[in-house]
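Here is the structure we will look at.
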């Protein structure tokens with residue numbers, strides 16, 4: 001019955017990864033909209049799924065160890081597949097392929113989200129530089145000048161005399 005339990009755990013892990021993929025797609029839209037509050041809320045939800053996946057992965061490892069008892073192999077799913085009999089071998093191979101597919105999709109979506117986030121950050125930095133450009137020093141400046149003096153001479157964003 002341990003193989004049946006392993007099958008059930010793998011199905012749950014696949015379901016959670018699929019839900020994470022759906023959240024990653026939502027995250028793409030949220031990043032495009034620039035809604036920080038919704039992004040924060042979505043990331044909290046992602047953490048719940050990640051915690052559940054970690055717990056299920058612990059169960060998977062324990063079940064794999066139990067199945068592989070007596071064999072000198074790591075507790076990987078591939079090792080379990082080589083040890084079990086045929087009706088279970090096909091089922092586990094199919095579940096393994098499903099898990100790989102959903103993890104690859106999730107990885108690709110997360111890479112897209114990372115690129116969008118970096119582009120947003122570059123845009124914000126560029127906008128800030130346009131609003132308050134950093135003065136460039138073109139002349140020689142005394143290196144012994146303290147940082148405090150140089151910071152007081154920097155331009156303010158607002159003209160207080162106006």
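Only the coordinates and a few stated rules stand behind these numbers; no lab work does. If you're wondering where the values come from, they're calculated on a predicted model, not measured in any experiment. Glycine also receives a Cβ, built like all others from the backbone with ideal geometry; neighbour counts cover every protein chain displayed.
Summary of computed values
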item	result
Segment 2-132 - percent relative contact order, Cα under 8 Å, separation 6 or more	39 percent
R0 of 22 Å, Cβ-Cβ distance residue 107-residue 55: FRET efficiency to nearest 0.05	0.55
Projected-area average for segment 19-78 over all orientations - Cα convex hull basis, square nanometres	5.0 nm²
Shape box of segment 2-132 [Cα atoms, principal axes, largest first, Å]	68, 23, 21
Packing rank of 16-23, 56-63, where each peptide gets the mean count of other beta carbons within 10 Å, highest leading	16-23, 56-63
Highest-first arrangement of 31-44, 2-15, 119-132, where packing means the average Cβ count within 10 Å	2-15, 31-44, 119-132
